[in-house]
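*Asks:* Right, I'll just put the structure down here and ask away after.
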Amino acid sequence: METLASLLLIALGAALINNFVLTYFVGICPFLGVSKRIDLALGMGLAVTFVISVAALLSWTLTEFVLRPGALVPTAVWNAVAPAAGDAAGDAAGAAGAATVDLSVLSYIVYIFVIASSVQFVEMYVRRFFPPLYKSFGIFLPLITTNCAILFACLEILKRVEAREWGLVESLTLAVFGGVGFTLAIVLMAGIREELELADVPKALAGAPITLITAALLALAFMGFVGMGANVEKALVEQPPISAERPTSPPDSGR
Amino acid sequence: MNDSGPTAAERFVRGILPENPVYRQLLGMCPTLAVTAAVKPALTMVAATAFVLICANVLVSLIRRLLVPHLRILVFTLTIATFVTIADRVLAAYLYEMSKALGPYVPLIIVNCMIISRCEVCASKQTVGVALADAVGVSLGFLVALASVATVREILGMGTWMGLPVLPEGVPRLVLFVMPPGAFLTLGLLLGAINAWSARRARRRASATPRTVKEAA
Amino acid sequence: MTPATPSSPDLEAPRLHVAPGPHLVSGGRSTRGMMVDVLVGLAPVLAAAVLVFREWALLQLALCLVSCALFETLFARLRGRGLRGRGLRGREASLTDGSALVTGAILGLSLPWSAPWYVAVVASAVAIGIGKAAYGGLGQNVFNPAMVGRAFVMVSFASVMGAASYVRPGADLSIVTQATPLTAAKEAAGAADIPGLWPMFLGVTNGSLGETSALACLLGGVWLCWRRSAAWRIPAGVFAGAAAAAAVAVLANPASPLGVPHHLLAGSLAFGAFFIATDPVTSPLSHRGQWLFGLGIGVLVITIRMLSNYPEGVVFAVLLMNAAVPLIDRATIPEPLGGIPSADREAAS
Amino acid sequence: MLSAVSIGLASATLLLLATAMGLVLGWANRAFHVEIDPRVARVHDALPGANCGGCGYVGCGEYAEAVVQEGAAVTLCAPGGPSVAQRLAEILGVAVEPTWPYRAVVHCGATREQRKGQTEYRGEPTCTAANLVADVQACVYGCLGLGDCVVSCDYDAIHIVDGVARVDYTNCTGCGACVDACPRGIISRIPFKAERVLVVACANQDFGADVRAVCAVGCVGCTACTKLSSLLAMDDHHLPVVDYEHYDPKTADFTKAIEKCPMESLLWVGKPTPEDVEATEDEELPERVDPTFDTTVDRAQWWG
Amino acid sequence: MRSFPGGVHPPDAKTLSGDAPIEAPPAPAQVRVPLLQHTGAACESVVKVRQQVMLGELIGRSEAPVSAPVHATVNGKVLKETVATLPNGRHVAVLPIQAEGEQLEGPAAVEEILGGEWPTDGLDAREPEAIAEAARAAGLVGLGGAAFPTHFKLRPPAGTRIDTLVVNGCECEPYLTTDQRLMEEAPAPVVAGAMLAARAVGAARVLVGIEDNKPVALAAMRAAADGTGVEIRGIPTKYPQGAEKQLILTLLGRRVPGGGLPLHVGVVVVNVGTAAALARAVLRGGALTHRVVTVTGAGIESPKNLLVPLGTRYADLIEMAGGLAPDAARVVAGGPMMGFAVGDLTTPVTKGTTGVTVLTAADLARERETACVRCGRCVDVCPMGLVPTRLALAVRAGAWDATRRYSIHACMECGCCAWECPARIPLVQLIRVGKAHRNAA
């Protein structure tokens, strides 16, 4: 129950409450660029969701087994093999007391490398074996390499995995629902922009400005979900009915 | 397109306003929206981005003859990633609070389209001097963009500028401006204002020099 | 071919003209007429607000009406001066269509009586400027202008728009010494602070100006639907969706002080269902779409009420569903009589 | 010690990763290889990227594919002009034939006063809409003068003057947008072999008497001009046609044909002659707004 | 009785000419007979200039299957071929005929064309092919307005089973009383023609649908159909009840598939005027040379129902009805909902001309166009279940994909949406522009 609840929270958080695009501003370029038609937007959204999941899987694996402090060479082993070195590096390892190999400095390079390579691999694979799919979907893949949403998800996962909070399932949940949230936002935006094709937007605002203003209003609408995470958690995890659980401070409408 | 192209000085000037990366090319939107709730983080961001942009441009320009065409984007990305890591570590070491405030947006400089675009369009084809001028110009343009967005947002949202109080006590603060919708709104309205302004300028320029049939011919 | 004159020489030729058909139009309705309908429908709501909040209601409403009208004029002027888009094609935005007054009235009635003057002015500016003028004026906006303004000030001026601001302990109006029903429900342990169903229906409770009296909203709303200036399916959908979601909430938490009727009567649900959600510009065209839209708003209102930090969710629910209207419209294109003609079929797939 | 090991491990990791990825991608590149013609990309790069559709294809991308794979002519890009055609020809390795700039010409010369049987029209003020209403003007072939072509032009190169469309050849790029916009099909693109080119300024296909009934200047199909110039021939609709293929601006002499035309249906269009300029020297052109924003989201999206 | 969804109730204004009996004025001095008066291929002239022709003599024909021959409509001399623009915008060749000598006019013409006995015995023993051929030879086309060649309709493709012949007596278009007067004054040829048409297509059942705002016509038709097996149905008055698909839906509950024809649901529809003309063509061998035209509207001095030769100029027609009122502002060929405005009064009457409605400035008083607020009234009244506002705005914005997504070709241009639109947007015209764009592309 508790695991499910925490997964639900991660999912809700990534898709609605802290929508990747509308709250964290990642993936803005495709959000502005590929949101002119609903079908293209949907394709982009699905492509991002797919790639983000693949990248999350790879980066989680790399983080867990290579990059995380103590991952490559377990602390115990390190201490056994190089006890003398332990003293020398003691200052750096600090209070934890366990000196070990920390490759997390490499994480950015490794991630972007992994993302770029896997996107390219997927692209080549799809182009070779599913030409129709490539025509409708594959054209987005090169765009995704430089989509910050992917790297952002990887970094979030890195943070949690380093802190030993999340496992693979949580990481994947974040990735998939982050992608779903991105898809939701970009498809809503595409619907609105198709509608705006028929509208008589002032010339100075036509194009990017009105898209940004629409994004602002969309973000404003999504603010309705603010605080939902905590309240859902309360309802699901702490079980006692809401009425019995009095918040310590009255909810302030603004926060 | 840029085989010969403009000179270093022209590129420098162009990057600032006429081809401003944010306002005119709509690149680097992510940091423009994400870290501009206040001016200070915005300036830090600009500094980090400028560092990466300049270093990457110079390096790419130096190795431009070694680039394999179909792997060039990967090389750019890795170069940028390296410099971003350096910037990130430096920030974490000397400006810990700021580094925490900027959160994931410093590593996200890696995928800032602005930098890749400069590497691709300019540095990979130009000499070091030109690439450097270009990078500095674009960095200044980025500075202009982020500073303007951040100024509007901080003053309207919190009544301060660089943390210094600007608006008198009694004026209500529009807290929305430091929130996500405010970021989109500010950038959208500023873009619109710039469009309107340059449209008017173009019109004025056109009417200032009346064209006659003879001239047209 | 000879010019267009009858051959009779003694008859003075009338000036004929040509035009596309149909050559007759129903004289009954006009866009302005529909706006007037909405204003008339809002009359009982205003009456209830005046009864409960006295001159404060009138002041707030007048402020919103005047500032909306001013901003409408201002932006129409700006548009006329070089900010023209693809040609206005004879539908210049102006005060005469009455839409700015409707926006102002709905905005005014959705603000708390205690909101300071600048709240109304900023909300009006945002509603007309960003909510409507930026999209090209009446009929082209995606989001309900009044709700854009309301949400903007709600988030911006949290301190003067928050739950606490409704309550004035020592006020000369007895109503406003109590918390609003929904705030009471969110904060209070038991049902003690929550008014009964009857006062909530009549509207002798605290809240924003227009939202207290479900009865007044019902009166005005039924009139609007009867005049066909509002699609009855939307409020019906809102109530059905809200009732269903509220039932789920009650089942999930039987100890809650709020029953399904409370949820339907409380807050601005009725006001929103009849006057805000039914804004034709920002709601779907097809009947199925209108049902979907209404149900979506109803469910979202209760979800936001129960789960988010905000005690009331109408503003956000309406904005969220507004954003989905293009998709709803797309998904619910009605099937033509006899099916899609072959000439159009390949495009529809 | 630790740092040394760290650095070593870091390098090893990166190297390993790079090797692994390189191998995988290298293998994939061969295993999943799809033949695409690199020339398509080069052609696309050489095109101006305006995506105007003037070539008849959906956009520059499709035109690039068509040029390489279907053997479409390299000269179709109107905004690019001869220089682009030259570059495309170089890429494809074909010889480029000398190409003339194509420009739009309007096959109607009747001003508002010269048309007969006009009835006041109240409806959607576009040509396409008015064209569906009978008797807006008696001539069903001529210019309606409501300016659909003006709206369609991205280069501010066509205007309604005295109720009839006139092309401004200083701005016209020959993209053909106005050709598609005109519901009566009276605009066409012709090769501009000289600065001034002769056009038949009438499209009325009826017999002379019927033409005279509807227009003061329409071609009555008298064949006077075709007898005086070998470059003019009557078509099936009682209209003379200029043989632009054999038109040589140096030798062609239309003076007599023009003099003989009873209806002013033969017109010179193009750049004004020095005499024209002299006559109109002091006239001011209406205020013109230059298109300003060359950057749009479209261009940025490929960097997203 | 359940009717079709949507539709509107414009004031029918049929009292203007509803009581005026059908009369045949003196023949005009000149008629201008278009060589294309129907949907389909144009005819070629088969006469020479200055040739003398007799009433009913063949003057134009075409080999194309979808076409109908054209006959001389007066006795006289053929003049030089010229052109005319018909109200629907088609630019066609015209044969002017100068009237010379004796003419079929006045009460004699009415008696000749509509009067006399119309026996119904033995009609169902006639050869179907002979009926269709007689219709073709007479140049018969649908007289309800669309002018589709009748012989083509009477020869359904092999393998189609037609079980019902529907006779359209709705005349839902406001102002017009052509069909109403015909049914009141001459129900017998209508019934006979209906039986012949049913015989030709092999339909066992004949249904006549008449809107219930024409009680006299209903009674007259009931009396005439008594004992013939032809069923007369009074149906709710609602515009556009007379549209084929809507009529079939109301009478039979069948939906004609999108882009399909009535014969796809086993039905053939003919107008009452067509039925009467068919009876004349088969029983008396008369070519289609005259038709009843309602000349009406507040802009006409004395509205009338006139039996006139085809090719009569509108100017003559208007003069026969007392001329234009001083405040006449718009001359409409047909009724005010689906008719086309005419600027040139030399335009000739064709086989499809149901009436000429002259509207005054007061009728036309319309406000300026305002913004569409998506009120959805056009959606509610569209009898085809479309979304007119989306279609129209998509056309304005040039979003052609969207027009097809919203099934622009299902629109029959009945005008309900534009009639109802509070914003006064010319919805029908915009939709026509959209269709024209699609057809051109």
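*Asks:* Explain nothing, just compute: Karplus ³J(HN,Hα) = 6.51 cos²θ - 1.76 cosθ + 1.60, θ = phi - 60°, for every residue of the stretch E:133-148 in order, whole Hz, x for Gly and Pro.
*Replies:* Working through the residues one at a time gives 5, 4, 5, 5, 4, 7, x, 6, 9, x, 8, x, x, 6, 6, 7 Hz.
*Asks:* Among all the lysines, which ones have a C-alpha under 30 Å from E:LYS77's C-alpha, if same-chain residues fewer than 8 places away are not counted?
*Replies:* D:LYS116, E:LYS48, E:LYS304, E:LYS351
*Asks:* Continuing with this model, one more query. Please compute the average number of Cβ atoms from other chains found within 10 Å of each residue's Cβ in peptide D:124-131.
*Replies:* Taking the mean over all residues of the peptide, I get 6.
*Asks:* Just to confirm a number: summing +1 for Lys and Arg and -1 for Asp and Glu over residues other than D:ARG189 whose beta-carbon lies under 15 angstrom from that of D:ARG189, what do you get?
*Replies:* Here the count lands on 0.
*Asks:* Expected output is a single nm value to one decimal: the length gained when fully extending between D:ALA73 and D:THR226, i.e. 0.36 nm times separation in residues minus the C-alpha distance. What is it?
*Replies:* 51.9 nm
*Asks:* Summing Lys, Arg as +1 and Asp, Glu as -1, what charge do residues with Cβ under 12 Å from the Cβ of C:MET34 carry, C:MET34 excluded?
*Replies:* Overall, the nearby charge balance is +3.
*Asks:* Quickly rank B:22-35, E:93-106 as a protection proxy: mean count of other C-beta atoms within 10 Å, highest first.
*Replies:* Most protected by this proxy first, the peptides run B:22-35, E:93-106.
*Asks:* What is the average number of partner chain Cβ atoms found within 10 Å of a Cβ in E:84-94?
*Replies:* Mean shielding by partner chains, rounded to a whole number: 4.
*Asks:* Quick one: which of B:159-171, E:164-176 comes out on top by average Cβ neighbours within 10 Å, and what's the full order, highest first?
*Replies:* So the order, starting with the most tightly packed, is E:164-176, B:159-171.
*Asks:* How big is the accessible area of D:HIS159 in square angstrom, nearest 10, if you roll a 1.4 angstrom probe over the protein chains?
*Replies:* Roughly 70 Å² of D:HIS159 is accessible to a 1.4 Å probe.
*Asks:* Tell me whether chain E comes out rounded, prolate or oblate; compute the Cα gyration tensor, take square roots of the eigenvalues as a ≥ b ≥ c, and use a/c under 1.5 as the rounded threshold.
*Replies:* Since a/c stays below 1.5, the shape of chain E is classed as rounded.
*Asks:* Which shape class applies to chain B: rounded if a/c is under 1.5, otherwise prolate when a/b exceeds b/c and oblate if not, where a ≥ b ≥ c are the square roots of the Cα gyration tensor eigenvalues?
*Replies:* oblate
*Asks:* OK, next. On the full set of protein chains, 1.4 Å probe, figure out the accessible area of D:GLU195 and give it in Å² to the nearest 10.
*Replies:* D:GLU195 exposes around 120 Å² with every protein chain in place.
*Asks:* A follow-up question, please. Quick one: which of E:258-264, E:203-209, D:143-149 comes out on top by average Cβ neighbours within 10 Å, and what's the full order, highest first?
*Replies:* The most tightly packed comes first, giving D:143-149, E:203-209, E:258-264.
*Asks:* If R0 is 56 Å, what FRET efficiency do you get for E:SER302 and D:ASP235 from their C-beta distance, rounded to 0.05?
*Replies:* 0.65
*Asks:* Net charge around E:THR178, counting only other residues with Cβ within less than 9 Å of its Cβ (Lys, Arg = +1; Asp, Glu = -1)?
*Replies:* 0
*Asks:* Probe radius 1.4 Å, ligands and nucleic acids left out: can you give me the accessible area buried at the D-E interface, summed over both chains, in Å² to the nearest hundred?
*Replies:* Using a 1.4 Å probe on protein heavy atoms, the buried area is about 1400 Å².
*Asks:* Same structure, new question: Based on the alpha-carbon set only, what is the convex hull volume of the stretch C:222-349 divided per residue, in Å³?
*Replies:* In the stretch C:222-349, the Cα convex hull volume per residue is 126 Å³.
*Asks:* Hey, another quick one. May I ask you to list the residues of the stretch B:54-88 whose amide nitrogen lies under 14 Å from a point 7 Å from Cα along the Cα→beta-carbon direction of B:VAL128?
*Replies:* B:55-65
*Asks:* Can you list the residues of the stretch C:283-305 that have at least 50 square angstrom less accessible area with all protein chains present than in their chain by itself, probe 1.4 Å?
*Replies:* Buried by 50 Å² or more upon assembly, which counts only protein chains, are C:LEU285.
*Asks:* Is the stretch D:102-278 best put as rounded, prolate or oblate by its Cα gyration tensor, with a ≥ b ≥ c the root eigenvalues, rounded for a/c under 1.5, and otherwise prolate when a/b is larger than b/c, oblate when not?
*Replies:* In terms of gyration-tensor shape, oblate.
*Asks:* Another one. Could you work out what % of the accessible surface of chain E is carbon and sulfur, using a 1.4 angstrom probe and leaving DNA, RNA and ligands out of the count?
*Replies:* Heavy-atom surface of chain E belonging to carbon and sulfur, 1.4 Å probe: 53 percent.
*Asks:* Right, something else. Give me the percent relative contact order of chain B, please, defined on Cα pairs under 8 angstrom at least 6 residues apart.
*Replies:* Answer for chain B is 32 percent.
*Asks:* So if I restrict to the alpha-carbon atoms in the stretch C:31-159, what is the Rg, and what is Dmax, the biggest pairwise distance, in Å?
*Replies:* Spelled out, the Cα radius of gyration and Dmax of the stretch C:31-159 are 14.6, 47 Å.
*Asks:* Moving on to the next point. Need one number: nm distance between label points at D:PHE32 and E:ARG126, each 7 Å from Cα along Cα→Cβ, rounded to one decimal.
*Replies:* 7.4
*Asks:* Please give, to one decimal in nm, the separation of the simple spin-label points placed at D:VAL151 and B:LYS40, each 7 Å out from Cα toward the Cβ.
*Replies:* 5.5
*Asks:* Testing the spin-label approximation: label points 7 Å from Cα along Cα→Cβ at E:VAL49 and B:TYR94. State their distance in nm.
*Replies:* 9.9
*Asks:* Treating the protein assembly as shown as a set of equal point scatterers at the Cα positions, no solvent, please give the Debye-formula log₁₀ I(q)/I(0) at q = 0.07, 0.08 Å⁻¹.
*Replies:* -0.97, -1.18
*Asks:* Taking all protein chains together and a probe of 1.4 Å, list C:TRP117, E:TRP419 from the most accessible to the least accessible.
*Replies:* Of C:TRP117, E:TRP419, the descending order of accessible area is C:TRP117, E:TRP419.
*Asks:* Here's another thing I want to ask about it. Along the positive direction of the dipole of the protein assembly as shown (beta-carbon charges: Lys, Arg +1; Asp, Glu -1; about the Cα centre), which of C:LEU197, A:LEU158, B:ILE16 reaches farthest?
*Replies:* Farthest towards the positive end: A:LEU158.
*Asks:* Excluding residues on the same chain fewer than 8 positions from B:LYS40, give the lysines whose Cα lies under 24 Å from its Cα.
*Replies:* Of all the lysines, those that pass the test against B:LYS40 - Cα under 24 Å, at least 8 places apart if same chain - are B:LYS100.
*Asks:* On a straight-distance basis, which lysines could pair with C:LYS132 in a cross-link, Cα separation under 24 angstrom, same-chain partners fewer than 8 positions away excluded?
*Replies:* Correct list for C:LYS132: A:LYS36, A:LYS203.
*Asks:* For peptide C:126-139, compute the average count of partner chain beta-carbon atoms within 10 Å of each residue's beta-carbon.
*Replies:* Going residue by residue through C:126-139 and averaging, the value is 5.
*Asks:* Share of antiparallel DSSP beta bridges in the protein assembly as shown, in percent to the nearest 5?
*Replies:* The antiparallel proportion sits near 70 percent.
*Asks:* Oh, and also: Given a 1.4 Å probe and no ligands, DNA or RNA in the count, how much accessible surface is buried by A and C, both sides, to the nearest 100 Å²?
*Replies:* Roughly 3900 Å² of accessible surface disappears when A and C pair.
*Asks:* OK, next. At a probe of 1.4 Å, how much accessible area disappears from chains C and E on forming the pair, both sides counted, to the nearest 100 Å²?
*Replies:* In total, chains C and E hide about 5900 Å² from solvent.
*Asks:* Also: If you count only protein heavy atoms with a 1.4 Å probe, what accessible area per residue comes out for the protein assembly as shown, rounded to a whole Å²?
*Replies:* Normalised by residue count, the accessible surface of the protein assembly as shown is 39 Å².
*Asks:* Remind me, what semi-axes does the stretch E:265-318 give for its equivalent ellipsoid, largest first in whole Å, using sqrt of 5 times each Cα gyration tensor eigenvalue?
*Replies:* The answer is 27, 16, 9 Å, longest axis first.
*Asks:* Continuing with this model, one more query. With all protein chains present, how much of the accessible area of the stretch B:114-192 (probe radius 1.4 Å) comes from carbon and sulfur, to the nearest whole percent?
*Replies:* The computed percentage sits at 79.
*Asks:* Quick one: the Cα spread of the stretch E:377-440 along its three principal axes, in angstroms, biggest first?
*Replies:* 29, 20, 15
*Asks:* Another question about this same structure. Amide H neighbours of C:LEU337 under 5 Å, counting only residues 5+ apart in sequence or on other chains, H built in-plane at 1.01 Å?
*Replies:* Residues meeting the criterion, in which the H sits 1.01 Å from N, are E:GLY385.
*Asks:* Now for a separate question. Across the stretch E:257-271, in residue order, what do the Karplus-derived ³J(HN,Hα) couplings come to in whole Hz, using 6.51 cos²θ - 1.76 cosθ + 1.60 with θ = phi - 60° and x for Gly and Pro?
*Replies:* Each residue's phi maps through the Karplus curve to give x, x, x, x, 10, x, 5, 5, 10, x, 10, 10, 10, 10, 7 Hz.
*Asks:* Kindly sort C:HIS287, E:HIS151 by accessible area of their heavy atoms, largest first, with the probe set to 1.4 Å.
*Replies:* From most accessible down to least: C:HIS287, E:HIS151.
The values are calculated or read from the model by the stated rules, or taken from the named source; none is laboratory data. None of these values were measured; they are calculated from a predicted model. Because the Cβ atoms are built from the backbone with ideal geometry, glycine has one as well, and the counts that use them run over all protein chains shown. The protein model used for the area step is the full one, side chains on, heavy atoms only, and it has no ligands, DNA or RNA in it. Shrake-Rupley method; radii C 1.70, N 1.55, O 1.52, S 1.80 Å.
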